[in-house]
Amino acid sequence: MEQIGFVRRLNGDDMELEVRRVSACGGNCSSCSSCDTAPHIITVPNRLNAKVGDFVEIKGHTKNILKFTALVYMVPLFFLILGISIGNMIFKSRGYSNYEVLSFLTGVLGLIVSLFLIKLVDNRLKDKKDSTLSITRIL
């Protein structure tokens, strides 16, 4: 994945980029009402010494993007299903008449726990400075 970003601000060794979204409908935003092309603001390491006002090429590392996507989507799903399954076994074996609702609530609790775990992982990765995006060149 390659895109172009505009350097808005420099923060020490990092830079703040404005990246325009690419529309799924081909850029003719009047043809669909669901198109949101508002720019994203991202922070990446300034390894090429870009200056404010420069346009830069941004490259996404597919392996890292897929890894983080799996983390964000699959871990909560796994915890939801695990919570429902465990709740179902516990509440059904104890003879609760509304074990389905209680199982679902246990699954939601598992989902909430997974979101806190993902936040912890996100904070650790942020401190690691291992970015999924890198600047390849100044345009």
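When Leu125 is tested against (1) closer than 24 Å to Asn11 by Cα; (2) modelled with pLDDT of 85 or more; (3) in a helix (DSSP H, G or I), exactly one condition is not met: (2).
When the range 72-104 is examined, which residues are found to be among the small types (Gly, Ala, Ser), assigned to a helix (DSSP H, G or I) and exposed (fewer than 14 other Cβ atoms within 10 Å of the Cβ)?
If the condition is that a residue be among the small types (Gly, Ala, Ser), assigned to a helix (DSSP H, G or I) and exposed (fewer than 14 other Cβ atoms within 10 Å of the Cβ), then Ser93 is the only one that fits.
Look at Lys63 and say whether it is at pLDDT below 90, surrounded by fewer than 16 Cβ atoms within 10 Å (Cβ to Cβ) and not polar (S, T, N, Q). Considered against the rule, which asks whether it is at pLDDT below 90, surrounded by fewer than 16 Cβ atoms within 10 Å (Cβ to Cβ) and not polar (S, T, N, Q), Lys63 comes out as yes. Scanning the range 42-71 for residues that are of a type in the set (S, T, N, Q) and either touching a helix residue (DSSP H, G or I) at 6+ places or on another chain (Cβ under 9 Å) or not in a helix (DSSP H, G or I) (or both) yields a total of 3.
The values are calculated or read from the model by the stated rules, or taken from the named source; none is laboratory data. In this text the structure is predicted, and so the values were computed from the model without any measurement. Reconstructed Cβ throughout: ideal geometry from the backbone, glycine too, with neighbour counts over all protein chains shown.
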